[in-house]
Ligand SMILES: [Fe+2]
């Protein structure tokens, strides 16, 4: 077919443009075929580069972005399939159509295994070339739809996972607050610890998701106390050795409660280790220094700071100043000095004490109204 006939064929074929595909690379050692294909594709409005040399084809792919490469299967020193493999490694999105005058089933299978999008038998008519481009376009469209579908599904799964986590969290917080009602003097403790812990985590520079994990772990840090009898939790006076051991088992009990819930997997180290001490004298594992998860070291400071300010059956609440003094005095022994330093910066932010007080007043009001 003479080149001048292309436009008439295109009109007969019913297409004058190929959406999504604008840049074509042609690689064939027959210059005449390159000339004819170039003219035809340019009449379609496509941007075409043509070369008879495999090395130049590689250079072009390195320098420019093409949508389709039509590659002859016999290029002299290099086989088309080898060239396709090389160019495909350079541009994972590049689509390939292999052209050959001697097609056989082995070549076709090999080409498909290498990810070739279509197979064009020489000599081919213009309609076949257009069908081939259309086939690649459709393939790209389907691939895009598949990606869109997957990212939509991923987003839905993320949203549902987050909703589920929030639902579980609400139930578990309600349970924690039930325990706090039994454990005299600790009502609202988890909420306040969560508030302070997340401020310290932010002050240290943790990421948003890490801060959220610290916040959630703080809310649930004493959930293991659910399994401890009221007589021990509300006992007035010192605990005997057996009772103290039972109380000291609450981090592990908390992990037992939350372990089946995959959504809380990342919170478990903080809950398990929130009673470890920086010098290694804590429980349940006696970890020291950086071996204690950072989230647990943060909760430890916030937990103590709040606990000191609460009335307990065996002692009266200390003032805010004394609580801060106490935390600072134990820096490097019970607490990570870096976390204590962040804690003091949080207090210096100005309004944290007022906020914590406000939060406590809100909780007390809820308690009075029985909410
Ligand atoms: Fe605790």
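The values are calculated or read from the model by the stated rules, or taken from the named source; none is laboratory data. What you see is a predicted model; the values in this text were computed from it and never measured. Because the Cβ atoms are built from the backbone with ideal geometry, glycine has one as well, and the counts that use them run over all protein chains shown.
Numbers at a glance
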| read-out | value |
| --- | --- |
| Subset of region 268-291 [away from the ligand (no atom under 14 Å from the Cβ) and either buried (at least 24 other Cβ atoms within 10 Å of the Cβ) or modelled with pLDDT under 95 (or both)] | 278 |
| Which numbered condition residue 60 misses (of (1) loosely packed, with under 14 Cβ neighbours inside 10 Å; (2) in a helix (DSSP H, G or I); (3) within 39 Å of the chain's Cα centre (by Cα)) | (1) |
| Qualifying residues in region 252-267 (those that are buried (at least 16 other Cβ atoms within 10 Å of the Cβ) and within 28 Å of the chain's Cα centre (by Cα)) - the one farthest from the ligand (Cβ to nearest atom) | 263 |
| Failed criterion for residue 66 (all others in (1) modelled with pLDDT under 90; (2) in a loop (DSSP other than H, G, I, E, B) hold) | (1) |
| Cross-chain or 6+ apart pairs with Cβ under 7 Å, region 39-53 first and without any contact (Cβ under 8 Å) to a residue 12 or more places away in the chain, then buried (at least 17 other Cβ atoms within 10 Å of the Cβ) | 42/48 |
| Any hit, region 218-229, residues being more than 17 Å from residue 197 (Cα to Cα) and more than 15 Å from the ligand (Cβ to nearest atom) | yes |
| Cβ pairs under 6 Å, 6+ apart, first in region 207-228 and within 13 Å of residue 189 (Cα to Cα), second outside any helix (DSSP H, G or I) | 221/274 |
